[in-house]
1. Taking the condition of being within 18 Å of the chain's Cα centre (by Cα) and outside any loop (DSSP other than H, G, I, E, B), how many residues in segment 221-266 meet it?
2. Looking at Asn252, Asn227, Asn162, Asn185, which one is touching a residue at least 24 places away in the same chain (Cβ under 8 Å), buried (at least 16 other Cβ atoms within 10 Å of the Cβ) and out of contact with any Ser or Thr (no Cβ under 6 Å at 6 or more places or on another chain)?
3. Output the residues belonging to segment 74-86 that are among the aliphatic types (A, V, I, L, M), buried (at least 18 other Cβ atoms within 10 Å of the Cβ) and farther than 12 Å from Leu43 by Cβ.
4. Which residue pairs have Cβ atoms closer than 6 Å, lie 6 or more positions apart in sequence or on different chains, and pair a first residue in segment 1-22 that is under 14 Å from Cys195 (Cβ atoms) with a second residue that is assigned to a loop (DSSP other than H, G, I, E, B) and among the small types (Gly, Ala, Ser)?
5. May I ask you to verify whether Gly71 is in contact with a Gly (Cβ under 7 Å, 6 or more places away or on another chain), crowded, with 17+ Cβ neighbours inside 10 Å, free of Cβ contacts under 8 Å to residues at least 60 places away in the same chain and on the phi > 0 side of the Ramachandran plot?
6. Checking the conditions here, which among Ile147, Ile126, Ile94 is buried (at least 21 other Cβ atoms within 10 Å of the Cβ) and either of a type in the set (Lys, Arg) or touching a Gly at 6+ places or on another chain (Cβ under 9 Å) (or both)?
7. Specify which of the listed residues (Asp181, Asp211) is more than 19 Å from the chain's Cα centre (by Cα) and modelled with pLDDT of 95 or more.
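The values are calculated or read from the model by the stated rules, or taken from the named source; none is laboratory data. All values reported here derive from a predicted model rather than from experimental measurement. Note that each Cβ is placed from the backbone with ideal geometry, even for glycine, and that neighbours are counted across all protein chains shown.
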Amino acid sequence: MEKIIVLGTGTASVVNSFNTCFVLEDNKNNYLLVDTGGGNGILKQLKMANVEINKIHNVFISHKHIDHLFGMLWIYRFVDIAMAKGTYEGNLNIFCHDEVAKILRDQIHTLLRKEQQRFIDKRIFINVVNNHEKIKVLNYNLEFLDIISKSDKQYGFKTTLNNGKTLSFLGDEPLDENLYDDVRNSDYLLHEAFCLETEADKFKPREKNHDTVKSASIKAQKIGVKNLVLWHSQENLGNDRKESYIAEAKANFTGNIYVPNDFDIIELI
């Protein structure tokens, strides 16, 4: 069964949870890692989720912010070590837009020793993707989407799952109306929700190019989404976050609502 393994659900400033990232697992138990968090904490998250690094061969990085990008260097480092030991089979493919690709290369060549660069462009590949480009990754045909970020260049993607359902991932900024037709009627829409609408005056999400639960759910309803996943959130509500987010979303959205915690699994049925 296809599933989302949630590694993190928080914003860049969280302490008790991890930055938002996840693994998309296909129906053959292959993985696509989507974003990598802000540091070596990604290694612990993968271990806690029972996802072996040696089985990760495809990674998508949405944009250059530290809470999405910096964990990639640690994954690279551990994959490089495993390749050198002969315990990692196959290649590692990283998919990202050109700005992220440049930063990754700069990090590798600046921060890692020469011997840790031996597999770059040989078995570890940084693949630059473009808006509306379609690439087969695992059993999926991913169509990459420029989400029309109001801050830094950022990509998401949409795809059809093995079960015929559609899934759209929009990074960590609000769905732009110019993308409505691209993700209309998605069976699963993965959307950031920085805070509740009732908390907007406190957290000022729109000034940070983020959205509220209410705003995200209104858009999802408008474009006919079936299942809405809300994450990339503040952690001020603690254990009450899930209940509070679902309540605000239900007032504006009639489909299924997921507000996962770190390590939750969403079965894509």
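1. 10
2. Result of the check over Asn252, Asn227, Asn162, Asn185: Asn227.
3. Met83
4. Once the first residue is under 14 Å from Cys195 (Cβ atoms) and sits in segment 1-22, its partners that are assigned to a loop (DSSP other than H, G, I, E, B) and among the small types (Gly, Ala, Ser) give Thr9/Ser17; Gly10/Ser17.
5. No, not satisfied.
6. Ile147
7. Asp181
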